[in-house]
Amino acid sequence: MRPPAFVAPIALFGLLGLTPVQAETLLPPPPPPELRIHFIDVGQGAATLVELPCGAMLIDTGGEENNSFHSVPSLLAYLEAFFARRTDLNRVLDVLLLTHPHIDHVRGATAVLQGFTVRSLVEGGREALQTDAVVVMAGVHDFLRAHPEVEHTVVRLRDFPAPDAALRTPGLDPFLQCDGVDPSVQALWGALDGDPGWGENDYGGAHFDNDNNHSVVTRVDFGAASLLVTGDLEEIAIKELVRTRGPLLDVDIYQVGHHGSHNGTTTDLLAAMTPQWAVMEVGPSTRKHSWTAWAYGHPREKLLAMLESGVTGPRTEALRPVGIAMKSFVDTPIDHAIYATGWDGSVVLVADAEGRIRVGTADPVPAPPRLPE
Ligand SMILES: [Zn+2]
């Protein structure tokens, strides 16, 4: 049945003596379908909302928790504001992807599962080791057992169809036609079963034992626009990612790996991506607590130098705080299209299917109550 909304204008055009074809030419064209990527400010951590005309996907549920900032209420407030605008989505997240079980990526996972309708949960399947992440992931798996209607997909590298291929699975990409565009979500990396001979890091730990190197890496395509999210993948795994899947890495938007650490991006990765835009999900340098961007010195000077030469888009030059060591920052001129939640708050990039990308407006979140320093 034709919805009543169509009747009124057609009846009105009839009164004006216009045929339906003449009337159609007077109506404004529908807005073009757009992909909106929300890099949500969760402090030191990660949470990325991929908004499509026909649905939504949340990648990670970070992040920071201390006396100055609580990421879970911040994330929930952002999602509430988002769904208040997109009432058509009925509070449904088609996909919740947890790149790896570190607390700065999973802290809000059970709260999101309980507060919204998640249709599909995707993870690497590694067992959490950090005490607080163990608790969260146990809650996630309890929730999945109690809600068998939620699809559960584990992305392991051994399940990829070939060593140089992407993994496509309905759990990760349930999106079909979206206003005439078929979005694509593919995994380009996942959890490994055995150590490829990666050796030890500078602290004597095995690179293989670091969950960062098992991050589920995803590529999202919407027409000609594309996004790459590498989680916290570090140099040794990035090298293998570029060697095996280099041609699949060419994207427009790079969610900068590992919160702007020096070890989450390489020049080879940037050369494979040729990104126009880069966005870092990192806390501000002003919150002086443990496990913060201030404590880590994120984003790092070495990384910014790489991004300034590897990111092709421009940004009006401004001085931004860049880490030169732990707890030490220098204001540094940035004039490429590099954004950071710690500099800019939540960042939204809007892309149409032709690949035109612009900065959008974050959904308005009520100011949180002031917290004691
Ligand atoms: Zn992280």
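The values are calculated or read from the model by the stated rules, or taken from the named source; none is laboratory data. Owing to the predicted nature of the structure, the values given are computational and were not obtained by experimental measurement. Neighbour counts run over all protein chains shown; Cβ positions are idealised from the backbone, glycine included.
Taking the stretch 179-224 as the region of interest, how many residues are modelled with pLDDT under 95, under 19 Å from residue 52 (Cα atoms) and in contact with a Lys or Arg (Cβ under 8 Å, 6 or more places away or on another chain)?
Number satisfying all stated conditions: 0.
Output the residues belonging to the stretch 264-292 that are of a type in the set (A, V, I, L, M, F, W, C), surrounded by 19 or more Cβ atoms within 10 Å (Cβ to Cβ) and either part of a loop (DSSP other than H, G, I, E, B) or out of contact with any Asp or Glu (no Cβ under 8 Å at 6 or more places or on another chain) (or both). Lay out the reasoning, then the answer.
Of the stretch 264-292, the ones of a type in the set (A, V, I, L, M, F, W, C) are 269-273, 277-280, 282, 291.
Pick out the ones that are also surrounded by 19 or more Cβ atoms within 10 Å (Cβ to Cβ) and you get 269-270, 272-273, 277-280, 282.
Within the stretch 264-292, 269, 270, 278, 279, 280, 282 meet the criteria.
Results for (1) within 16 Å of the ligand (Cβ to nearest atom); (2) touching a helix residue (DSSP H, G or I) at 6+ places or on another chain (Cβ under 7 Å), shown as yes or no for each residue.
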residue: 71; (1), (2): yes, no
residue: 105; (1), (2): yes, no
residue: 119; (1), (2): no, no
residue: 139; (1), (2): no, yes
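What are the residues in the stretch 107-117 that are within 16 Å of the ligand (Cβ to nearest atom) and not in a helix (DSSP H, G or I), if any? First the steps, then the outcome.
The first filter runs over the stretch 107-117 and keeps only residues within 16 Å of the ligand (Cβ to nearest atom), leaving 107-109.
Hits for the stretch 107-117 are 107, 108.
Hey, among the residues in the stretch 90-103 that are more than 13 Å from the ligand (Cβ to nearest atom), within 19 Å of the chain's Cα centre (by Cα) and not acidic (Asp, Glu), which one's farthest from residue 151 (Cα to Cα)?
91
Okay, residues lined up against (1) surrounded by fewer than 17 Cβ atoms within 10 Å (Cβ to Cβ); (2) closer than 30 Å to residue 64 by Cα:
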| residue | (1), (2) |
| --- | --- |
| 152 | yes, yes |
| 156 | no, yes |
| 168 | yes, no |
| 190 | no, yes |
| 195 | yes, no |
